[in-house]
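What follows is a set of notes on a single structure, which appears directly below.
The values are calculated or read from the model by the stated rules, or taken from the named source; none is laboratory data. Since the structure is predicted, the reported quantities are computational estimates derived from the model, not experimental observations. Here the Cβ positions follow ideal geometry from the backbone for every residue, glycine too, while neighbour counts run over all protein chains shown.
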Amino acid sequence: MRVSLIQLDVDLAVPLADRVAEAAGLVRERAGDHLVVLPELWAVGGWDYAAWDAGAEPLDGPTAHAMADAARDAGVWLHAGSIVERDDAGARYNTSLLFGPDGGLRASYRKIHRFGFDSGEAAIMGPGSETVVCPTPFGTIGLATCYDLRFPEMFRLLLDAGAEVLVVPAAWPARRVEHWRLLARARAVENQVFVLACNTAGSQAGVAQGGHSVVVDPWGEIVAEAGADGRVLTAEIDTALVAKTRNDFPVLKDRRFG
């Protein structure tokens, strides 16, 4: 299967509607791919806390509609990164959206681990409470977001739910980009899965973004990796390698906990 990670350089000076239209256009250009991935909170800025309230929307809001249309037009599975979701009670969540090639919303995931140590995202967003996997024709996708990468126990739950491909959108800062690269490979190795980790580029609210979106195979080998600038990272992967890896090196059979 062919996957593309769109490592956006989010320009927060551009009106929100124009940012959404630009991202939708990039998705439409990926017709022929099987799966396209966008970063975390690309529409509002992952670090622009002041913009989150105005940019919050329900799951059937304008950003979701634009992404659904783009997925359908391109005929791709689209992990549309995440939005600031506002529910009927007014609570906000960092919610990722997965659309099928017909434009239907196949899964959504509210980020469980919020970054900020009682400030920023941790103070503004509500926590998700459920791990999420979604079956697709090319394997079962497990959903995680950015800071979740630091919590391996969550990925064991995704593994046990059948995940073969982990998709991780992020707004990971440049000053900790080596953690990003290390953790993406670690989650792949320990769970014997593919990891598709899509980060942002440029700068958001004065925070330099790390880029280095990466595709990692079940052996922890890097299949493809971007640099620091905005670009589209495309790779060919064979999800049959997941079962083969687990059969050739059956480490998961020796688990004693969980």
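In the stretch 61-104, what count of residues is obtained for those that are free of Cβ contacts under 8 Å to residues at least 40 places away in the same chain and not polar (S, T, N, Q)? Outline the logic, then answer.
If we filter the stretch 61-104 for residues that are free of Cβ contacts under 8 Å to residues at least 40 places away in the same chain, which is where we start, we get 61, 65, 68, 72, 85-91, 93, 95, 97, 99-104.
The next check asks that each one be not polar (S, T, N, Q); those that pass are 61, 65, 68, 72, 85-91, 93, 97, 99-104.
Residues meeting the conditions: 19.
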Candidates ASP102, ASP48, ASP53, ASP88 - the one that is crowded, with 17+ Cβ neighbours inside 10 Å and acidic (Asp, Glu)
ASP48
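Pick out the one residue from LEU98, LEU159 that is within 21 Å of VAL215 (Cβ to Cβ) and either touching a His at 6+ places or on another chain (Cβ under 7 Å) or among the charged types (D, E, K, R) (or both). Before the answer, list the steps.
Numbers: LEU159 fails: either touching a His at 6+ places or on another chain (Cβ under 7 Å) or among the charged types (D, E, K, R) (or both).
That would be LEU98, the only listed residue that is within 21 Å of VAL215 (Cβ to Cβ) and either touching a His at 6+ places or on another chain (Cβ under 7 Å) or among the charged types (D, E, K, R) (or both).
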Which numbered condition ALA235 misses (of (1) touching a residue at least 60 places away in the same chain (Cβ under 8 Å); (2) on the phi > 0 side of the Ramachandran plot; (3) not acidic (Asp, Glu)):
(2)
Output yes when any residue across the stretch 184-206 is more than 19 Å from the chain's Cα centre (by Cα), surrounded by fewer than 24 Cβ atoms within 10 Å (Cβ to Cβ) and in contact (Cβ under 8 Å) with a residue 60 or more places away in the chain, and no when none is.
yes
Among the numbered criteria (1) without any contact (Cβ under 8 Å) to a residue 24 or more places away in the chain; (2) closer than 19 Å to GLN209 by Cα; (3) touching a Leu at 6+ places or on another chain (Cβ under 9 Å), which one does TRP47 miss?
(1)
How about the stretch 4-18: which of its residues are modelled with pLDDT under 90 and β-branched (Val, Ile, Thr)?
VAL10
Kindly indicate which of LEU26, LEU8, LEU16, LEU38 is in contact with a Gly (Cβ under 8 Å, 6 or more places away or on another chain) and surrounded by fewer than 21 Cβ atoms within 10 Å (Cβ to Cβ).
LEU16
Close pairs (8 angstrom Cβ cut-off, 6 or more residues apart or separate chains): under 28 Å from ARG19 (Cα atoms) in the stretch 212-232, of a type in the set (Phe, Trp, Tyr) and assigned to a strand (DSSP E or B) anywhere
VAL215/PHE194
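Of all the residues that make up the stretch 154-172, how many are free of Cβ contacts under 8 Å to residues at least 60 places away in the same chain, on the phi < 0 side of the Ramachandran plot and over 11 Å from the mean Cα position of the chain (by Cα)? Working first, answer last.
The initial filter retains those residues of the stretch 154-172 that are free of Cβ contacts under 8 Å to residues at least 60 places away in the same chain, namely 154-155, 157-158, 161-163, 166, 168, 172.
Narrowing the set further to residues that are on the phi < 0 side of the Ramachandran plot leaves 154-155, 157-158, 161, 163, 166, 168, 172.
With over 11 Å from the mean Cα position of the chain (by Cα) added as a condition, the list becomes 154-155, 157-158, 161, 163, 172.
Within the stretch 154-172, residues that are free of Cβ contacts under 8 Å to residues at least 60 places away in the same chain, on the phi < 0 side of the Ramachandran plot and over 11 Å from the mean Cα position of the chain (by Cα) number 7.
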Just to be sure I understand, how many residues within the stretch 125-164 are among the acidic types (Asp, Glu) and surrounded by fewer than 20 Cβ atoms within 10 Å (Cβ to Cβ)?
3
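Assigned to a helix (DSSP H, G or I), over 21 Å from ALA51 (Cβ atoms) and either within 18 Å of the chain's Cα centre (by Cα) or at pLDDT 95 or above (or both): does that describe ALA122? Reasoning before the result, please.
Details: assigned to a helix (DSSP H, G or I): yes; over 21 Å from ALA51 (Cβ atoms): no; either within 18 Å of the chain's Cα centre (by Cα) or at pLDDT 95 or above (or both): yes.
It is false that ALA122 is assigned to a helix (DSSP H, G or I), over 21 Å from ALA51 (Cβ atoms) and either within 18 Å of the chain's Cα centre (by Cα) or at pLDDT 95 or above (or both).
Given the structure, is VAL84 closer than 27 Å to TRP180 by Cα, within 19 Å of the chain's Cα centre (by Cα) and not in a loop (DSSP other than H, G, I, E, B)? I'd like the intermediate steps shown before the answer.
Values: closer than 27 Å to TRP180 by Cα: yes; within 19 Å of the chain's Cα centre (by Cα): yes; not in a loop (DSSP other than H, G, I, E, B): yes.
Yes, satisfied.
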If we keep only residues of the stretch 105-118 that are without any contact (Cβ under 8 Å) to a residue 24 or more places away in the chain and over 16 Å from ASP48 (Cα atoms), then the residue surrounded by the most Cβ atoms within 10 Å (Cβ to Cβ) is PHE117
